[in-house]
Structures are given as C-alpha cells and as structure tokens.
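Notes follow once the structure below has been shown.
The values are calculated or read from the model by the stated rules, or taken from the named source; none is laboratory data. Keep in mind the model is a prediction, meaning the values are calculated, not measured. Note: ideal-geometry Cβ built from the backbone for every residue, glycine included; neighbour counts use all protein chains shown. With ligands, DNA and RNA removed, areas are computed over all heavy atoms of the protein, side chains included. Shrake-Rupley method; radii C 1.70, N 1.55, O 1.52, S 1.80 Å.
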Amino acid sequence: MLDRQAFEALDRADPLGGKRSEFLVPEGLVYLDGNSLGALPARVPARLERVVREEWGRGLIGSWNASGWIDLPRCVGAKIARLVGAGADEVIACDSTSVNLFKVLAAALGLLPERRVIVSDGDNFPTDLYVAEGVRDLLGRGHEMRLVDAGDIEGAIDEGTALLLLTGVDYRTGALHDMERLTRAAHDKGALVVWDLAHSAGAMPLDLDGLEVDFAVGCGYKYLNGGPGAPAFVFVARRHLARVTPALTGWMGHRAPFAFDARYAPSDDIRKLTAGTPPVLAMAALDEALEVFADVDLRQVREKSARLGDLFISLADPLCKEHGLRLVSPRDSAKRGSQVAFAHPEGYAIVQALIESGVVGDFRAPDVMRFGFAPLYLRYVDIFDAAERLAAVLREERWRDPRFRARAAVT
C-alpha cells in the first residue's frame with residue numbers, strides 16, 4: 001500500500017500539477033465534487049469585476065458592441081468546440097442543458113418525420129428523459145419512448161428509431177458509454193444520435209466530428225468550471241445545420257435580429273439554435289474560465305483522471321470489506337468517466353459526515369456516494385487524504401449523528 005509520501009511524489013511528477021494554482025480551492029479542503037460544480041478559476045473574479053464596473057458600469061449599453069457582449073455565445077462556443085472535437089461553427093453557448101436538449105430533440109425529430117421512436121437508457125439522467133417526454137407529447141404524432149437497460153441499447157435500435165438519446169457518462173455510477181460504437185449502431189439503422197456531454201466535456205478528449213455525432217449538448221458548470229448555473233452549449237453537425245428548423249424561434253436566432261422583422265427568418269448558421277438575450281455576466285465568467293484549458297492536453301487530463309480513480313478505488317477497497325461499501329463504478333478505468341461511486345444504505349449521512357471532515361463529495365438517491373475527480377486542480381495527495389478521512393468517518397461511525405441524516409434541499 002502506498003503511503004502519503006508516495007502520493008506527494010506523484011504530485012511532484014504531475015505534468016498538470018501547476019494548474020492547481022489557477023484555481024481558488026479553499027485551504028485544507030479536499031474537493032471531490034467537480035463533477036457537479038467545478039472550482040472557481042482564479043482569473044474569473046477579476047473578469048467579472050471588469051465586466052460589472054467598467055463594461056456595465058461605464059460602458060452601459062454601448063458594451064454590447066464595444067466590449068463584444070453580443071459575440072460571447074459564439075466566442076465561448078468556439079472555445080468549447082476545441083474541447084469536444086468540433087468546428088467553431090458547430091458549437092454555441094446558450095441557455096441551459098435542458099433547454100438546449102429540447103431544441104435538438106425537436107430539430108432531430110424534424111429531420112426524420114417518418115420515424116417515431118426515441119431510444120434511451122432507462123437510467124439516463126432524469127431531466128433528459130423528462131425533456132424527451134415533453135417533446136414527444138408536444139409533437140403529438142405518435143412518438144414513443146423506448147427505455148432499455150444499458151446493455152440492451154444496440155438491440156433496441158431498429159428501422160423505426162428516429163433518435164438515440166444518451167449521456168456519455170452515467171451520472172450515478174460514472175460508467176462510460178462507447179460513443180463510437182453506439183453512434184455507429186444508430187447510424188447503421190438510419191437513426192440520429194443526441195449525446196449529453198455534461199459529465200464528459202473538459203474531463204476527457206472527445207471527437208464529435210470524427211465520430212460523426214449528429215447533435216450534442218452539455219453544461220458549463222461541471223468540468224468547464226463556469227460557475228453555478230453557467231450557460232450550457234449545443235452542438236449541431238455541420239451537415240445538418242442547413243436543414244435544422246429551430247423549435248424555439250427567438251430573436252437572437254433570427255438572421256437579422258436588429259432588423260426587427262415581424263416574421264421569423266432563421267439564421268443560416270449555428271446561431272439559429274439561440275433564442276433570447278445572452279446572460280452577459282454568466283457568459284463572461286464561463287468565457288474566462290475556459291482560458292485555463294488554453295494550454296491543456298486533454299489526453300493528460302484523461303490519464304490523470306483514470307489514475308486518480310484507480311488509486312481511490314484501491315484505497316477504498318478495504319473499507320468496502322470492513323464497512324459494507326459497494327463499488328458501483330466500473331473498476332476498469334477505460335469504462336469509467338472522471339468519478340468513482342460507492343453504494344451504502346447510509347450513504348447520505350456518510351457523505352454529510354465526510355463533508356464536515358473537509359472532504360466534499362455528494363449523494364445521489366437512493367444510496368450512491370459520488371466522488372468526482374477534476375484533474376486540473378485535484379492533487380494525488382488529496383486522494384490519500386480523502387480515503388483516510390473516509391476511513392475515520394466509517395470507523396468512528398460519525399455518520400450516526402442525527403444531524404447528518406437530515407436531508408437538505410440539494411444533495
């Protein structure tokens with residue numbers, strides 16, 4: 001078993017080690033929840049101060065032009081495009097993941113009007129299923145949802161399938177879908193694919209163009225570190241853009257928004273996927289946060305993520321035997337995203353006790369404790385310390401304290 005000094009040595013050899021200084025991580029805190037809300041990049045507060053005091057305070061409405069506010073959705077989209085393997089003209093930042101998912105589902109179904117079936121994983125993130133159900137009911141043309149187990153997805157796709165809707169990384173277990181294989185399986189049956197990249201973008205290399213993905217969405221507040229409620233992004237493959245008909249026809253998606261034409265005429269590029277006025281403060285924060293990726297090799301990010309997860313599993317294995325934890329994430333890092341999850345009947349209370357000890361993870365019903373690894377600011381020694389504190393919480397049964405069982409609004 002490696003000791004703490006061995007983990008410190010790993011940090012000294014870490015090619016990404018210098019990145020931690022670009023984040024404001026509270027001293028003494030082990031933050032293992034970057035898969036839910038990324039840490040604050042150190043450069044963001046100054047950008048927001050400038051936007052608020054100078055651009056808004058002094059420039060006022062002129063800053064839409066002078067400070068480039070109006071171009072932020074495309075500028076931010078271009079930065080994200082590099083991280084997901086897409087062209088700058090295929091990605092735009094706007095709205096929330098759920099709203100963007102509604103847009104692409106409606107658009108994709110419009111491209112295959114003769115098909116009626118949406119196939120998805122029954123354990124997909126619930127909001128994705130809710131949105132899909134809403135689109136199905138709104139269209140009212142006999143569309144149906146076909147929810148299957150992850151291992152049965154390929155067999156569920158047939159000639160009546162319009163869309164395959166999947167999240168790249170399972171939000172509970174961290175299990176990784178094979179994007180290449182499943183995208184090809186859908187295309188072989190003439191179906192389109194929509195990928196939710198919320199737990200993937202910024203944590204691993206992606207190749208949307210190389211895999212010929214049709215549509216994708218993702219959020220800006222997890223591994224992209226854009227802040228709570230940061231704008232999301234939407235990807236539409238270049239080959240589909242001309243034929244896509246927007247379902248939300250807002251003025252920013254118009255080909256000439258400031259012509260104030262009474263009739264809608266969609267833009268002929270990715271801007272047609274936008275609707276309302278962009279939230280400048282949130283967009284500026286995400287824009288600045290993405291600068292930390294400017295010199296980052298996502299292959300190194302992925303390699304470190306896998307190693308962090310492997311080490312945490314190794315350290316936690318004795319706790320599984322002694323205290324009834326059950327690993328629910330794939331043990332093989334090639335099949336796992338950037339998180340590790342364990343199940344325990346008292347998972348919620350254990351997580352709360354662990355947070356009080358200075359290790360932040362989170363909980364997902366009914367019994368899953370999640371630990372996310374954001375390689376840009378997480379150190380190897382943090383993994384050692386987290387496992388030590390988890391062992392203490394379990395050994396001393398701190399989780400039995402009644403205050404740790406009281407469920408907060410956000411878990």
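Do we find that Phe363 is under 26 Å from Gly151 (Cα atoms) and either touching a residue at least 40 places away in the same chain (Cβ under 8 Å) or open to solvent by 40 Å² or more (accessible area, probe 1.4 Å) (or both) in this structure? Give the steps one after another, and end with the answer.
On the way: under 26 Å from Gly151 (Cα atoms): yes; either touching a residue at least 40 places away in the same chain (Cβ under 8 Å) or open to solvent by 40 Å² or more (accessible area, probe 1.4 Å) (or both): yes.
The answer is yes for Phe363.
Give the range 337-384 a look and list any residue that's outside any loop (DSSP other than H, G, I, E, B), over 13 Å from Arg326 (Cα atoms) and not aliphatic (A, V, I, L, M), or say none. It would help to see each step written out before you state the result.
Step one: filter the range 337-384 for residues outside any loop (DSSP other than H, G, I, E, B), giving 339-343, 347-356, 359-360, 362-364, 368-372, 380-384.
Adding the requirement that they be over 13 Å from Arg326 (Cα atoms) leaves 339, 348-356, 359-360, 362-364, 371-372, 380-384.
Of everything in the range 337-384, those that are outside any loop (DSSP other than H, G, I, E, B), over 13 Å from Arg326 (Cα atoms) and not aliphatic (A, V, I, L, M) turn out to be Gln339, Tyr348, Gln352, Glu356, Asp362, Phe363, Arg364, Phe371, Gly372, Tyr380, Asp382, Phe384.
Can you pull out the residues in the range 104-128 that are in contact (Cβ under 8 Å) with a residue 24 or more places away in the chain, part of a helix (DSSP H, G or I) and of a type outside the set (Ser, Thr, Tyr)?
The answer is Val104, Leu105, Ala106, Ala107, Ala108, Leu109, Gly110, Leu111, Asp128.
Picking from Ala106, Ala185, Ala191, which residue would you name as being farther than 30 Å from Leu281 by Cα and touching a helix residue (DSSP H, G or I) at 6+ places or on another chain (Cβ under 8 Å)? So that I can check it myself, show each step before the final result.
Values: Ala106 fails: farther than 30 Å from Leu281 by Cα; Ala191 fails: touching a helix residue (DSSP H, G or I) at 6+ places or on another chain (Cβ under 8 Å).
Selected residue: Ala185, the only one of Ala106, Ala185, Ala191 that is farther than 30 Å from Leu281 by Cα and touching a helix residue (DSSP H, G or I) at 6+ places or on another chain (Cβ under 8 Å).
For the range 267-323, which positions are among the hydroxyl-bearing types (Ser, Thr, Tyr) and open to solvent by less than 50 Å² (accessible area, probe 1.4 Å)? Steps first, answer last, please.
So the first thing to find is which residues in the range 267-323 are among the hydroxyl-bearing types (Ser, Thr, Tyr), and the list is 267, 274, 277, 305, 314.
Answer for the range 267-323, where residues must be among the hydroxyl-bearing types (Ser, Thr, Tyr) and open to solvent by less than 50 Å² (accessible area, probe 1.4 Å): Ser267, Thr274, Ser305.
Regarding Thr245, is this residue open to solvent by 20 Å² or more (accessible area, probe 1.4 Å), assigned to a loop (DSSP other than H, G, I, E, B), on the phi < 0 side of the Ramachandran plot and touching a helix residue (DSSP H, G or I) at 6+ places or on another chain (Cβ under 6 Å)?
Numbers: open to solvent by 20 Å² or more (accessible area, probe 1.4 Å): yes; assigned to a loop (DSSP other than H, G, I, E, B): yes; on the phi < 0 side of the Ramachandran plot: yes; touching a helix residue (DSSP H, G or I) at 6+ places or on another chain (Cβ under 6 Å): yes.
For Thr245, the condition - open to solvent by 20 Å² or more (accessible area, probe 1.4 Å), assigned to a loop (DSSP other than H, G, I, E, B), on the phi < 0 side of the Ramachandran plot and touching a helix residue (DSSP H, G or I) at 6+ places or on another chain (Cβ under 6 Å) - is met.
Among the residues of the range 90-103, are any in contact (Cβ under 8 Å) with a residue 12 or more places away in the chain, charged (D, E, K, R) and farther than 26 Å from Ala150 by Cα?
Residues of the range 90-103 in contact (Cβ under 8 Å) with a residue 12 or more places away in the chain: 90-103.
Now drop any that are not charged (D, E, K, R), which leaves 90, 95, 103.
If we keep only those that are farther than 26 Å from Ala150 by Cα as well, we get 90, 95.
For the range 90-103, residues in contact (Cβ under 8 Å) with a residue 12 or more places away in the chain, charged (D, E, K, R) and farther than 26 Å from Ala150 by Cα: present.
Could you give every pair whose Cβ atoms fall below 9 Å, whose first residue belongs to the range 3-15 and is modelled with pLDDT of 95 or more, and whose second residue is surrounded by fewer than 13 Cβ atoms within 10 Å (Cβ to Cβ), counting only separations of at least 6 or pairs across chains?
Hits for this filter: Pro15/Asp297.
Rundown of residues vs (1) modelled with pLDDT of 95 or more; (2) open to solvent by 30 Å² or more (accessible area, probe 1.4 Å); (3) under 23 Å from the mean Cα position of the chain (by Cα), yes/no style:
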site: Gly62; (1), (2), (3): yes, yes, no
site: Ala66; (1), (2), (3): yes, yes, no
site: Arg74; (1), (2), (3): yes, yes, yes
site: Val91; (1), (2), (3): yes, no, yes
site: Asn100; (1), (2), (3): yes, no, yes
site: Lys103; (1), (2), (3): yes, no, yes
site: Leu109; (1), (2), (3): yes, no, no
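Rundown of residues vs (1) modelled with pLDDT of 95 or more; (2) hydroxyl-bearing (Ser, Thr, Tyr); (3) closer than 30 Å to Asp295 by Cα; (4) open to solvent by 20 Å² or more (accessible area, probe 1.4 Å), yes/no style:
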site	(1), (2), (3), (4)
Gly140	no, no, no, yes
Ala162	yes, no, no, no
Asp170	yes, no, yes, yes
Asp178	yes, no, yes, yes
Ala186	yes, no, no, no
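Starting from the range 161-182, keep only residues that are within 16 Å of Ser333 (Cβ to Cβ), then list their pairs with residues that are small (Gly, Ala, Ser) and part of a strand (DSSP E or B) whose Cβ atoms are within a distance under 8 Å, requiring at least 6 positions of separation or different chains.
Note: pairs meeting the criteria are Val169/Ala175; Thr173/Ala341; Gly174/Ala341.
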